[in-house]
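The values are calculated or read from the model by the stated rules, or taken from the named source; none is laboratory data. In this text the structure is predicted, and so the values were computed from the model without any measurement. Please note: Cβ atoms are built from the backbone with ideal geometry, for glycine as well, and neighbour counts cover all protein chains shown. Just so you know, the surface numbers come from the protein's heavy atoms only, side chains and all, with ligands and any DNA or RNA stripped out. Shrake-Rupley method; radii C 1.70, N 1.55, O 1.52, S 1.80 Å.
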Amino acid sequence: MTTAYMAAWLVALMILPAAPAAWALSRAIRGGWEAVLAISLALSVAAAAVAGLLGWVFDLTLGTGIAIHVVLLLVCDVGFVMRSRGLRKLPLRRDLPVFTIWLVTGVLALWERAWMAPNMDVFYHIAAARSLLYFDRVMVTDPFYGVGSNLPDPTSGAANSLLGMSSAVSGIDPAALWAGFNVLAALMVPAVFWMLFRQLRAPRTGAIAATLALTFLATSADFRFAGYPNQFGVSLTIVALAGLAAAVRGRKAGWPIALIGTVAAASTHTGVALTLIAVSGVVAVGMALYARFAEADREVRLHLVRRVWVVCGSMMLVGLVSVAPRLWFVSGAGAEGGFAPAQSSGLATAGLYRLFGIGLLYDPEVAFGGGVIVIVMGTAVAALTLWASVKERNDLAALAAIVALVPVAVGFNPVLTPILAAISPYITWRMLTLMRYAPYLALPLAWDQQRALTRVALIGAIVVTLPSLHMQFSGEPPVSIRPGVINVSIWDGWTFDFRSGANAKMIGAVAGVFGDEWPTVATDPMTGYGIGGLVPCHPVAITSVHAPLFLEVTREGDARRKDMAALLGDNTGSAMRERIVRRYDVDYVLLWPGRVNDEARRKIVEDTDTFEVVYDYRKATLLRVRDEQTGGE
């Protein structure tokens with residue numbers, strides 16, 4: 001019930017304030033309840049992005065940023081409602097099947113909860129939201145240390161700013177709110193795809209089948225990652241594409257919806273922003289080529305191209321503005337901050353064509369969704385849909401097919417692909433994985449055109465996703481993949497929660513000791529990573545993959561981790577330990593079970609000249625560093 005309570009709080013803080021404007025915009029494009037939900041959340045994130053950008057440029061406080069956020073939403077509410085002449089009835093169609101999918105998704109997300117295993121990067125994003133409270137900022141710049149560059153964090157954008165704002169307004173800890181935010185983000189998945197298919201005027205049966213496939217196959221029915229900025233950004237990208245589809249249909253409200261979705265999506269994550277830019281560029285070129293071959297009438301052709309180019313050009317511009325402050329990360333992501341090319345799922349070492357490899361059958365992180373069969377069959381369906389749309393002059397089918405072909409246009413382009421890979425293998429790989437939904441987009445529109453092939457593609461998606469679904473529900477993989485990360489069933493999710501079991505008491509006790517002090521804590525990097533998200537403190541060192549890039553470029557991160565290894569080593573003398581804690585002005589030392597050996601633990605606890613034990617429970621020991629310096633051997 002706690003997770004549901006947090007989700008209710010976030011609905012009140014993130015959905016309801018923008019609901020009037022979303023209602024008016026949804027009606028303008030003849031959308032339904034799903035469009036109200038999607039546009040509301042996109043508006044809230046977009047307003048947080050604008051507030052964050054203003055706060056970063058003018059060095060505004062968090063309170064001022066919250067005020068700007070509220071004013072922006074009020075202006076949108078009043079403006080859009082007045083323009084639509086009131087909140088008139090929504091044109092609800094036969095949406096019960098998708099509403100059922102939506103409810104099932106919510107129940108699964110509530111049961112699974114956010115995945116808070118120690119080796120998952122959920123703590124990075126919780127710490128990012130928490131950092132706003134400490135630094136009194138609106139935009140996340142330095143999640144952990146207070147020594148990094150004052151530039152926007154590349155993987156922790158407006159969504160975490162909104163989470164931090166919600167924490168400040170409600171007084172609820174960001175770690176508690178995260179569970180509710182993950183449920184809210186999971187509920188966005190079926191809603192945004194149904195919104196898109198309605199705007200594409202897809203056949204109802206095919207649209208329901210595609211929504212089911214996207215919601216449960218492309219995610220492997222695992223919604224524990226839904227709140228991650230890159231995953232959440234995918235849903236916001238679909239909102240932008242739905243706005244684009246509405247604009248292609250001639251709905252004037254489509255353009256602002258596309259811009260709202262773009263601002264929201266591009267501000268959540270660097271990879272999402274670059275993916276949006278790529279999608280906008282491919283659609284602009286693709287729709288121009290489609291118009292050239294499909295429309296004989298020059299005026300009709302120019303009108304369609306102009307409409308598409310205005311929206312796509314606006315989306316590209318907004319994406320570039322959003323990603324510009326983060327370009328320092330993009331250019332260095334191939335070599336710094338723990339993102340070595342060799343770690344990019346084989347992209348740099350084995351080439352982009354590895355994407356068709358057998359590994360895609362079992363790794364839901366890398367696959368576009370469903371593995372090699374879905375990529376091949378989905379691409380074939382998209383290509384045939386595009387061909388049929390030219391013959392039938394179906395602009396919306398052409399749009400869906402072109403978006404479905406974006407992974408091919410980006411990842412297998414003899415000109416563009418080498419350039420992207422040279423700039424950053426990691427970001428190129430990330431862009432492709434974020435497009436895992438693409439092969440499904442043409443499915444509902446191809447439902448009647450290529451009946452046999454479409455059904456074969458869908459059956460293929462189900463078959464090759466079975467191993468991932470089996471892992472999700474049983475925790476027993478057919479192959480060995482990243483133990484403790486992928487190979488955990490939903491039924492085991494509770495035991496993998498960093499806060500559960502014996503740890504819950506320890507986390508509460510540590511939080512009680514720290515209070516509102518935000519002390520500096522010395523511990524091993526993995527514990528520092530987790531504790532920095534769960535309680536208000538500054539860890540001295542965290543794992544390199546999640547450390548601010550500034551520390552990794554200057555090699556300060558390595559130095560901090562080496563010092564923590566020495567501090568917790570069993571061969572380190574008392575004098576050395578004291579020098580290390582004084583070097584970083586450490587307030588507390590946290591010894592986590594299983595990460596510090598018994599001999600080192602004994603020596604640290606017995607060093608009463610430097611440390612005093614303030615909490616001890618099942619080998620989880622918290623020591624306060626004494627103020628007075630004493631000598632040691």
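Being open to solvent by 10 Å² or more (accessible area, probe 1.4 Å) and part of a loop (DSSP other than H, G, I, E, B) is a property that residue 418 lacks. Would you check if residue 222 is open to solvent by 10 Å² or more (accessible area, probe 1.4 Å), closer than 18 Å to residue 114 by Cβ, modelled with pLDDT under 90 and over 13 Å from the mean Cα position of the chain (by Cα)? Judged against the criteria, residue 222 is a match.
Scan the stretch 249-274 for residues that are farther than 14 Å from residue 195 by Cα, among the β-branched types (Val, Ile, Thr) and open to solvent by less than 10 Å² (accessible area, probe 1.4 Å) and the total you get is 4. Quick check: is even one residue across the stretch 277-295 open to solvent by 10 Å² or more (accessible area, probe 1.4 Å), closer than 30 Å to residue 162 by Cα and of a type in the set (Gly, Ala, Ser)? Among the residues of the stretch 277-295, at least one is open to solvent by 10 Å² or more (accessible area, probe 1.4 Å), closer than 30 Å to residue 162 by Cα and of a type in the set (Gly, Ala, Ser), which makes the answer yes. Name the single residue that is farthest from residue 118 (Cα to Cα) among those in the stretch 586-597 being open to solvent by 30 Å² or more (accessible area, probe 1.4 Å) and modelled with pLDDT under 95. Step by step, filter the stretch 586-597, then rank; the result is 597. Within the stretch 426-479, the set of residues being over 30 Å from residue 387 (Cα atoms), touching a residue at least 12 places away in the same chain (Cβ under 8 Å) and not in a loop (DSSP other than H, G, I, E, B) comprises 426, 427, 467, 468, 469, 471, 472, 473, 474.
In the stretch 315-332, is there at least one residue being within 30 Å of residue 249 (Cα to Cα), at pLDDT below 95, open to solvent by less than 40 Å² (accessible area, probe 1.4 Å) and not in a helix (DSSP H, G or I)? Within the stretch 315-332, none of the residues are within 30 Å of residue 249 (Cα to Cα), at pLDDT below 95, open to solvent by less than 40 Å² (accessible area, probe 1.4 Å) and not in a helix (DSSP H, G or I). The residues of the stretch 187-227 that are among the polar types (S, T, N, Q) and part of a helix (DSSP H, G or I), listed by number, are 199, 205, 211, 215. You will find that of 425, 407, 444, the residue that is at pLDDT below 75 and surrounded by 24 or more Cβ atoms within 10 Å (Cβ to Cβ) is 425 and no other.
Looking at the stretch 99-124, which of its residues are closer than 15 Å to residue 7 by Cβ and aromatic (Phe, Trp, Tyr)?
Of all residues in the stretch 99-124, those closer than 15 Å to residue 7 by Cβ come to 102-103, 105-114.
102, 111, listed by residue number.
Find the residue count for the stretch 5-29, including only residues that are open to solvent by 40 Å² or more (accessible area, probe 1.4 Å), in contact (Cβ under 8 Å) with a residue 12 or more places away in the chain and among the small types (Gly, Ala, Ser). Residues in the stretch 5-29 being open to solvent by 40 Å² or more (accessible area, probe 1.4 Å), in contact (Cβ under 8 Å) with a residue 12 or more places away in the chain and among the small types (Gly, Ala, Ser): 2 in total.
Matching residues to (1) open to solvent by 40 Å² or more (accessible area, probe 1.4 Å); (2) touching a strand residue (DSSP E or B) at 6+ places or on another chain (Cβ under 6 Å):
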residue: 524; (1), (2): no, no
residue: 534; (1), (2): no, no
residue: 538; (1), (2): no, yes
residue: 552; (1), (2): no, no
residue: 569; (1), (2): no, no
residue: 583; (1), (2): yes, no
residue: 600; (1), (2): no, no
residue: 609; (1), (2): yes, no
residue: 615; (1), (2): no, yes
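Can you spot a residue in the stretch 233-242 that is surrounded by fewer than 24 Cβ atoms within 10 Å (Cβ to Cβ) and either of a type in the set (A, V, I, L, M, F, W, C) or within 18 Å of the chain's Cα centre (by Cα) (or both)? No, the stretch 233-242 contains no residue that is surrounded by fewer than 24 Cβ atoms within 10 Å (Cβ to Cβ) and either of a type in the set (A, V, I, L, M, F, W, C) or within 18 Å of the chain's Cα centre (by Cα) (or both).
Suppose the filter is open to solvent by less than 10 Å² (accessible area, probe 1.4 Å) and of a type in the set (Val, Ile, Thr); does residue 205 pass it?
Working: open to solvent by less than 10 Å² (accessible area, probe 1.4 Å): no; of a type in the set (Val, Ile, Thr): yes.
Considered against the rule, which asks whether it is open to solvent by less than 10 Å² (accessible area, probe 1.4 Å) and of a type in the set (Val, Ile, Thr), residue 205 comes out as no.
When you look at residue 32, is it in contact with a helix residue (DSSP H, G or I) (Cβ under 9 Å, 6 or more places away or on another chain) and either open to solvent by 10 Å² or more (accessible area, probe 1.4 Å) or under 27 Å from residue 242 (Cα atoms) (or both), yes or no? Yes; evaluated as a whole, the condition is true for this residue. With respect to the conditions (1) surrounded by fewer than 23 Cβ atoms within 10 Å (Cβ to Cβ); (2) of a type outside the set (A, V, I, L, M, F, W, C); (3) under 25 Å from the mean Cα position of the chain (by Cα); (4) under 25 Å from residue 194 (Cα atoms), residue 2 lacks only one, and its number is (4).
Please verify whether residue 190 is out of contact with any Gly (no Cβ under 6 Å at 6 or more places or on another chain), under 23 Å from residue 55 (Cβ atoms) and surrounded by 24 or more Cβ atoms within 10 Å (Cβ to Cβ), treating the condition exactly as stated. Against the criterion (out of contact with any Gly (no Cβ under 6 Å at 6 or more places or on another chain), under 23 Å from residue 55 (Cβ atoms) and surrounded by 24 or more Cβ atoms within 10 Å (Cβ to Cβ)), residue 190 does not qualify.
I'd like the residue in the stretch 512-522 that is open to solvent by 10 Å² or more (accessible area, probe 1.4 Å) and small (Gly, Ala, Ser) and, out of all such residues, is nearest to residue 144 (Cα to Cα). Per the criteria, the residue is 515. Just wondering, is there one or more residues in the stretch 39-59 that are over 18 Å from residue 263 (Cβ atoms), at pLDDT below 95 and either of a type in the set (Ser, Thr, Tyr) or open to solvent by less than 60 Å² (accessible area, probe 1.4 Å) (or both)? Scanning the stretch 39-59, I find no residue that is over 18 Å from residue 263 (Cβ atoms), at pLDDT below 95 and either of a type in the set (Ser, Thr, Tyr) or open to solvent by less than 60 Å² (accessible area, probe 1.4 Å) (or both), so the answer is no.
Only one residue in 130, 137, 85, 113 is at positive phi and buried (at least 17 other Cβ atoms within 10 Å of the Cβ). Which one?
On the way: 130 fails: at positive phi; 137 fails: at positive phi; 85 fails: buried (at least 17 other Cβ atoms within 10 Å of the Cβ).
Residue meeting the stated conditions: 113.
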